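Read the structure below first, then the notes.
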Amino acid sequence: MNPINDLLNIIGGFIAGIINSIFSFSPFLADAITMGLAAIILCTFAALSFMGLTYAERKVVARIQDRVGPNQAGPLGLLQPIADGIKMFTKEDTTPAAADRWVYNLAPLVIAVFALTTYAVLPFAPGVVGTNLNIGVFYVLAIGSGSIVAIIMAGWGSNNKYALLGAFRTVAQLVGYEVPMLLNVLPVVMLAGSMGLIDIIDHQTLANGNAGIPFLLFFPLSAVVFLISGIAETARSPFDLLEAESEIVAGFHVEYSGMKFALFFLGEYVNALAVAFVFSTLFLGGFAGPILPPYIWLLLKAGAVFTIFMWLRGTLPRVRIDQMHNLNWKFFVPLSIVHLILVIILLKVFVTSPAQQAATGGILVDAWVQAAIMFVASALTLIAGLGLAARRARISRLAEEDVLARRRAENMATAGAA
Amino acid sequence: MDLFANALNGIPLWWFLVVSAALFCIGLYGVMARKNAIAMLMGVELMLNAVNINLIAFWRFIAPNSPSGLAFAAFVFVIAAAEAAIGLALIISVYRSNQSIDPEKLDQMKL
Amino acid sequence: MALTLQQVIFLALAVVVIGAALFVVTTRNLFRAALMLVLSFFAVAGFYVLLDAGLFAVAQILIYIGAISILIIFSVMLTRGMQAMIPRNSQAFWSAVVVAIIFAMLLLLLGPLRTTVNVAAWPIIGSIFPNATPRELGAVPWAYAVEPATGLPAVVPETYIATFGFSLVDINQYVLPFLLVALLVDIALSGAVHIARQRRPIEVIQERQDIAAEDAAEAEAIRNAQQPAPVPAPALPEGAVAAATSAANEH
Amino acid sequence: MLFAEAVTTAPSYLTTLLWLIPLPPILAFALIALFFNRYRQTSSTIAVLSMIASTVMAYIVFFNVWQLKDLGKAPISSSIAWLPTGDTTLSIGVSVDPLSATFLFMVPLACTLIFIYSTGYMASDPLYSRFFAYLSLFAGSMLGLVVSNNLLTLFVFWELMGFCSYSLIGFFYRKPSAYKAAVKAFMTTRVGDMLLILGMVYLYAQTGTLNFFDIMHSEEVLELLGTTPAVGIFGTTLGLSAAALIGLLVFGGVVGKSAQWPLHVWLPDAMEGPTPVSAMIHAAAMVSAGIFLLLRFFPIIEVSGEHSATFTTIGLIGAFTAFMGATIAVAQYDIKRVMAFSTISQLGFMVAAVGIGAYVAAGFHLLTHAFFKALLFLASGSVIHGVEHGHHHVHAHGHGHGHAHGEPEAEAEHADAETHHEEFDPQDMRNMGGLRHKMPVTFWTFLIGGLALAGFPFITAGFWSKDEIFADAYHHGIEGGDPLGTLVFITLVVTATLTAFYTMRQIKLVFFGKARTEAAEHASESTPAMTFPLIVLAVFALFIGFINVPPDFPIFGSIVGSGAFYFKNLIGQYLIEKPEPLAFNIVPVLFSLGVALGGLALGWLVYSGRNLEAGVTDPVERLGGLFRFLNRRWMWDELYRAIFINPMQWLADNYTRIVDKGVIDAILEGGWKAGAAIAGAFAAFDRVVITGISDAIGRGFRVVGDWGRELQSGQVQNYLLSGLIMALAILVFFLFLFR
């Protein structure tokens, strides 16, 4: 065992050993306590990363916007998250008089639970995974849809029209963006032949005679669409319509304060980080990588993806709601379907193993050749889709201008007549 | 045969069947006794869930090597989704024209 | 009698399922009923996990909670004014009686499954399954799956998802139902969109005018056609035409 | 020689083709209904092309299988599992065996010709596209029915045809008579279909399969069906074997579909549809489907026994229907009505043939009849078309003309036009006459069809098929001493005479003599789109009969050589015991010659000279009361109205009056009067008892009424509850009481 590479395993084994020896009279109890402890550690990790992420995001965005960011609490403002936490804890916890109390109080809890449940299947290093489900991808997507219920609960329970509007918007957005997400996970699943996250990572390493190519190189289109859908799914900028201050104040959590608000906040960041993890796993090879220990690789990849989130947040304005839906239903979904069909056909035509060749009668090629073909096809689809969309947009813009011009002319005429 | 009285880590088949029967009956009551069409639809969903529990439980205990139980359960899923979509669309349409979705008031088809 | 962990989980889930379902069918507040429905669905997903059908547990969450519940909640919100309501209609009592009888009968049928009692103690089962073999009659009217090697209860094979998936596209198994179901969903979705679409009044008027014009044209054509048409044109299209023209004049 | 070489293998793509045969028209229906309903030309083109595609495929199949030796024993078929239901699997599939091969020859050809004809006939109709959509669906269903290898899909297509026929009969849905006829057709055939469903269920319960060949080709299954006694509810035995009961129930469906007495009443009314529809429904497709089904089930009927109730029923109903139809046809004036009753009569011929066990003869007559009856219908359509054109012609150009020898009505031109329009009936044969020179193609083809219908000796198909039936009936009845056969033979001989007579009557009234109206005067020949199908059909009506010439028939038997009894050898394979060819007998042939020529001669003599002039009463009207009876179609409609419809209405109308006014009021009044008579003494008694009773009665009725009304609350939950209670009751009954 390499003490650095398998650090997490060693620590875990150590703790498990201690627990087992203490509760040696009941293996059942020992197991239960080990599992509980693991769950607590995972949750703690998520919560701590939430603190780190808020700090990092504020710093990065400040840098983009040519500001300094938090710099008062502690050296470089490093203690700012803790200060925020204390502030949150000590704030008054208000409940609107007309709220549906049960629903109102339960909502933040539900959203936090759903956000943290995702981590149960994420593989952090070989052997370090909550539970290796053989349907991991499916599970992640399903749990993501569960948080919709929590948002509706919050919006409804607050008994506030802005909260309800925000909840409506969120639900429309979240339900909608699940579709392209699912459609773009499918190529990966088909190529890996499994929905298990560990299997998917294995296919991107040199293990079992695989070529060690990250799926990003197979399906650039899927990666791009998945990433953008992921941002929309976690309702981060530029898709943060649900808390568009100028339109609906703060959306579904307008009535929440103190710790409950913090839970919503935590849910958002934890979800975003989970999307970053899942993206790294699906398209970047997860914890696989040379030299460095696997968990470091995973953190680096996820950190890079999260940096993209921050970057987008710092630079892009918020989209309009119609733009958001148009992007999804009129661009992502059709594009993904076309891409999916293309991938299905190509995966049947170009195969990498004799067994597959026997099954489909395709052409036997090297994995790198397959990757190249897939990359070209996927990228061409993306470019063609973008080209069509740009043309469409230009046409509609011209038409809009025509209408405006005509209206202006009419106005001029009526003004002249008057 | 005693073996199977405690199959599946101590849970016998009939436990599932009893729960499913209870769920089905509750759903049926909901369909028949509620004064709101959406609540009726909820009852229908409960009934479908009960059916699915039955299908999957029988699959697990009787024929885990055959896909039949799962296939039927999957069809139930899909049909439940279609039924909910159509049902709710109808309910909303009715609500728009009648300002009510009380099934006791929706008797215009009576001769 | 010591309960195993799975039994405890099962009982807890059962309490949640039944309790939530009872809440769903009795509460006044429709929104809470919908939330309890979600809870019930969730617990049913737990049952699927206990039954080693993880795929279906996840599908349950994705479809029932992620889609159907959301639809129901939306409908609840869109039909405001129907939310606080009388929970029961006039036939609730009789419904409850009938449902109780049905439940009792189901339990009666389930009776022989509980233990390996002699068939003589449960005459009903003999009448329902007169052709069952003695082995089956000894316990249940069907045979449990058994591992041939050990004689222990069968375990779910690793590849059950693949088996299930292939059965859906196998020409000898379920490909036809599968395609039909896909078609059904397509039709249901477009149909739902069409039914629930809120048409603006101007569109409705336009549509009525179109229909009336078509009717009028058809009537005219039939009057002119070679078929002997002794019947004067029905009054309906003319009325429709008049209505349409008056509607058109108003606008 | 065409028939000499028998091939033993068929190419493997045939099964695929079989699946595809019904598809193009159904696809065409979808295309027209969904996308092209606004484009007239496109939709008719699609329909015709789809039908041609089907025809090509059907003919590829037919020419590949018609010489297979063992087609009957080993039909080419292909099945897929449709629905696994527990232990069993419902499978559906397609197959071609001799019976369906014959139909694959006849149906697509007839349908294609009717499609082409329709492009001309319906050219000016506003709902042209819709017509072709329905027609395509209809043709697709018929083809599907023919290639089905099981009763389930056959039934599905059967019902689809029922629907299409409903839509097409009611095609001119603004005419009250048309939609009434459509509803009548639908409801009447439904009665038969109900029986058919029962038969299907019973068959499935007995055999566990609905596949024809699993049942009909397995001697064990047939024997089982033949020996099992049919058991009714609560264990009553009906004195029938299961096979006999199934046969009777299926025959019920046939009675509905093939318009046999007592369910024949819909077919004449169905003439409200456009003429191509009449040709389609009443010649090529739907009514044949009934006989087709009967022939399919012949093996089952056969095992029910020689003199079973099933055979007797079928034979009697067939013979009676044949006779009744022919008599009615004699007394009709409407050109299409004559055809309709002639069809009923000819179908009766076939059913009667089945009833005496003449399976092959029935099938043969079905084939020839399909051709010449389609021809006759299309030719009548052409006649109607022509006369109508003449009528329009008179109206468009001949107004001055008309006024010259009518009274001038300048002030009411519109009214004149309309009244004239209403009075004139282009289908009435009294309005025709002398069309022989105006419409030569129509005349010659109609003549060929008519002669075939009459069974004109040797050169028409009808002669050979009728002769076959006569031979069988003679063999069974007169020679075999079977009373049923004798009865059938005598009835059919009389019927055939009548048939020849009314055919000649029709030909003379329509085509000979001088034009009796101006419309007939100005009639003109139809377009090639309409005459081309006539010519093709006429060729078949002449020559199709030669596929089943008895080998020992003088002269003709030696001309066709080894092709003799080709049809019999082909189609007979469907049965387990191949039917023995009958020895040639001159007596039935003489009968057949005699009745055909005699009937035709009688018609020629009666309808000649003065009798064809305008304004002369038809000679058959001299029959007086009998004529009126026949003209009103034996008063069946009136009878049904009197037996079924009126009593119901009467019951409903009078229930309130009699029960309320009659019974309750009488009791009340009587009580009141009695009470008044002894009022002084029994005032208290009166108040307590009499009033109490009467009130109770009144209240009782009220309560019952209220309770009954409650049942139809219009509330879905209420219905659900009542349904559930009923289901529960049934469940309790079966689980606990009915052990």
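Just so you know, all these numbers are worked out from the coordinates, no wet-lab data involved. Predicted, not measured: the structure shown is a model, and the values here were computed from it. So basically every Cβ, Gly included, is an ideal-geometry build from the backbone, and we count neighbours across all protein chains shown.
Calculate the FRET efficiency for residue A:159 and residue D:699 from the Cβ-Cβ distance with a Förster distance of 56 Å, rounded to the nearest 0.05.
Efficiency, from the Cβ-Cβ distance: 0.60.
Considering amide H positions built from the backbone, and no H for Pro or chain starts, which residues 5 or more places from residue D:334, or on another chain, come under 5 Å of its amide H?
For residue D:334, whose amide H was placed from the backbone, the distant partners under 5 Å are D:429.
Could you work out, residue by residue across A:192-199, how many beta carbons of other chains sit within 10 Å of that residue's beta carbon, and then give the average as an integer?
1
Given H placed 1.01 Å from N in the peptide plane, which residues other than close sequence neighbours of residue D:89 have an amide H under 5 Å from its amide H?
Correct list: empty.
Per residue of segment A:167-176, in order, report the coupling 6.51 cos²θ - 1.76 cosθ + 1.60 (Karplus, θ = phi - 60°) as ³J(HN,Hα) in whole Hz, putting x for Gly and Pro.
Here the 3J(HN,Hα) series is 5, 4, 4, 4, 5, 4, 5, 5, 4, x Hz.
Per 5 Å bin, what is the whole-percent P(r) computed from every C-alpha pair distance within segment C:156-209?
Answer for segment C:156-209: a P(r) of 5, 16, 12, 13, 11, 10, 8, 7, 5, 7, 4, 2, 1 percent.
Less than 29 Å apart at the alpha-carbon level, and either on another chain or at least 8 residues along: which lysines does that give for residue D:661?
Within reach: B:110, D:673.
State, to one decimal in nm, how far the label point of residue C:220 lies from the label point of residue B:96, with both points 7 Å from Cα in the Cβ direction.
3.2
Just to be sure I understand the model, the point goes 7 Å from the Cα along the line to the Cβ. What's the resulting residue D:67 to residue D:479 distance in nm?
Taking the simple label geometry, residue D:67 and residue D:479 are separated by 3.3 nm.
Neighbour counts of other C-beta atoms within 10 Å: give me A:43, D:164 arranged from fewest to most.
Sorted ascending by nearby Cβ count, the order is A:43, D:164.
Putting +1 on Lys and Arg Cβ atoms and -1 on Asp and Glu Cβ atoms, find which of A:385, A:284, A:49 reaches farthest to the positive end of the dipole of chain A.
The residue sitting most towards the positive pole is A:385.
So if I take the centroid of the Cα atoms in segment B:25-45 and the same for segment A:335-365, what is the distance between those two points in Å?
Segment B:25-45 and segment A:335-365 have Cα centres separated by 48 Å.
Holding the Cα-Cα limit at 19 Å, pick out from D:373/D:466; D:336/D:373; D:175/D:373; D:257/D:373 the pairs that are longer than that.
D:175/D:373
How would you rank B:25, D:111, going from fewest to most other Cβ atoms within 10 Å of each one's own Cβ? Numbers along the way, then the final one.
Numbers: B:25 23, D:111 28.
The order, fewest Cβ neighbours first, is B:25, D:111.
Would you please classify the overall shape of chain D from the alpha carbon gyration tensor, given that a ≥ b ≥ c denote the square roots of the eigenvalues, rounded means a/c under 1.5, and beyond that prolate means a/b larger than b/c while oblate covers the rest?
It is oblate, given that a/c is not under 1.5 and a/b is not larger than b/c.
When chain A is treated as a GNM, springs tying every alpha-carbon pair under 10 Å, which of A:212, A:74, A:285 comes out with the largest mean-square fluctuation?
A:74
Quote the FRET efficiency, to the nearest 0.05, computed for residue D:669 versus residue C:93 with a Förster distance R0 of 41 Å and r equal to the Cβ-Cβ distance. Let's see the in-between values first.
Values: r = 42 Å, r/R0 = 1.03.
So, using R0 = 41 Å, E works out to roughly 0.45.
Can you figure out the FRET efficiency of residue D:81 with residue D:191, using R₀ = 25 Å and their beta-carbon distance, to the nearest 0.05?
With a Förster radius of 25 Å, E is 0.15.
Obtain the nm distance between the two label points defined at residue A:390 and residue D:590 by a simple spin-label model: each point lies 7 Å from its Cα along the Cα-to-C-beta direction.
9.9
Could you name the lysines whose alpha carbon sits less than 21 Å from that of residue A:161, not counting residues in the same chain fewer than 8 places away?
A:260
HN-Hα J couplings of segment A:73-79 from phi, Karplus 6.51/-1.76/1.60, θ = phi - 60°, integer Hz, Gly and Pro as x?
Whole-Hz 3J(HN,Hα) from phi for segment A:73-79: 7, x, x, 6, x, 5, 8.
Mind putting a number on the dipole of segment A:1-82 about its Cα centre? Charges go on the C-beta only, +1 for Lys and Arg and -1 for Asp and Glu, and I need it in Debye to the nearest 20.
Here the size comes out at about 380 debye.
Taking neighbour Cβ counts within 10 Å as the exposure measure, how do D:689, D:387 sort from fewest upward? The partial results should precede the final answer.
Values: D:689 13, D:387 31.
Result, fewest neighbours first: D:689, D:387.
Per residue of segment D:343-359, in order, report the coupling 6.51 cos²θ - 1.76 cosθ + 1.60 (Karplus, θ = phi - 60°) as ³J(HN,Hα) in whole Hz, putting x for Gly and Pro.
Result, rounded to whole Hz: 4, 3, 5, 5, 5, x, 3, 5, 4, 4, 4, 4, x, 9, x, 8, 4.
Using only atoms on other chains, find how many Cβ atoms lie within 10 Å of each Cβ of peptide A:140-151 and report the average.
The mean count of partner-chain Cβ atoms within 10 Å per residue comes to 5.
Just counting partner chain Cβ atoms within 10 Å, what average do the residues of peptide B:73-80 show around their Cβ?
So the per-residue partner count for this stretch is 6.
Considering amide H positions built from the backbone, and no H for Pro or chain starts, which residues 5 or more places from residue A:257, or on another chain, come under 5 Å of its amide H?
Excluding prolines and chain starts, which carry no amide H, the hits are A:94.
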